[in-house]
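Visitor: Okay, here's the structure, questions in a sec.
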């Protein structure tokens, strides 16, 4: 079991980044990573010894996210009372730009968002991304191109936040 922990531990930061990018909530991301690691340990015997551990873990994480997303959609939207309250943050261009990108990213279709995050943020190769998503390499490349084009379009149209910057 120590061997399993030694293999899984270095993968946790990347899993947390990807989970946070998917759920946009630190607690939710930590829960998702914990569920992923729990599933990986419980099904360790199913892992191919010659397979890529990182791709296998990202696949588990993504599948758990999709299952949870579908389940939440069936139940209806839950809104935390803290999220409803209007909060005012200091106006900083870098923070606004980041928020604009995150908001535009959330507007992308799930298949575009997943490819963009895996290739652009987690620095997975096209082949690794194809394995994680279970799609051909060519599909990864075309989805990535369309995702980048859509993201640029949303950013050019001001597809980010509802408020505009006034200078």
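Visitor: At q = 0.24, 0.26 Å⁻¹, what log₁₀ I(q)/I(0) does the range 89-159 have when each alpha carbon counts as one equal point scatterer in the Debye sum?
Guide: The Cα Debye sum returns log10 ratios of -1.00, -1.10.
Visitor: May I pose another question? Hey, rough spin-label estimate for residue 53 and residue 142, points 7 angstrom out along Cα→Cβ, what's it come to in nanometres?
Guide: 3.5
Visitor: Right, here's the next one. Can you tell me the FRET efficiency between residue 74 and residue 2 if r is taken as the Cβ-Cβ distance and R0 is 45 Å, rounded to the nearest 0.05?
Guide: 0.65
Visitor: What is the log10 of I(q)/I(0) for the range 1-78, computed with the Debye formula using one identical point scatterer on each Cα and no solvent, at q = 0.17, 0.21, 0.22 Å⁻¹?
Guide: Listed by q, the Debye log ratios stand at -0.65, -0.93, -1.00.
Visitor: How do 41-50, 12-21 rank on mean C-beta neighbours within 10 Å, highest first?
Guide: Those peptides, ordered most packed to least, come out 12-21, 41-50.
Visitor: Something else: Given a Förster radius of 22 Å and the C-beta distance between residue 16 and residue 123 as r, what FRET efficiency does 1/(1 + (r/R0)^6) yield to the nearest 0.05?
Guide: For R0 = 22 Å, the calculated efficiency reads 0.90.
The numbers here are math on the coordinates, done by the rules we state, and not lab data. Predicted model, so just to flag it, every value in this text is computed and none were measured. Heads up, the Cβs are rebuilt from the backbone with ideal geometry, glycines too, and the neighbour counts pull from every protein chain shown.
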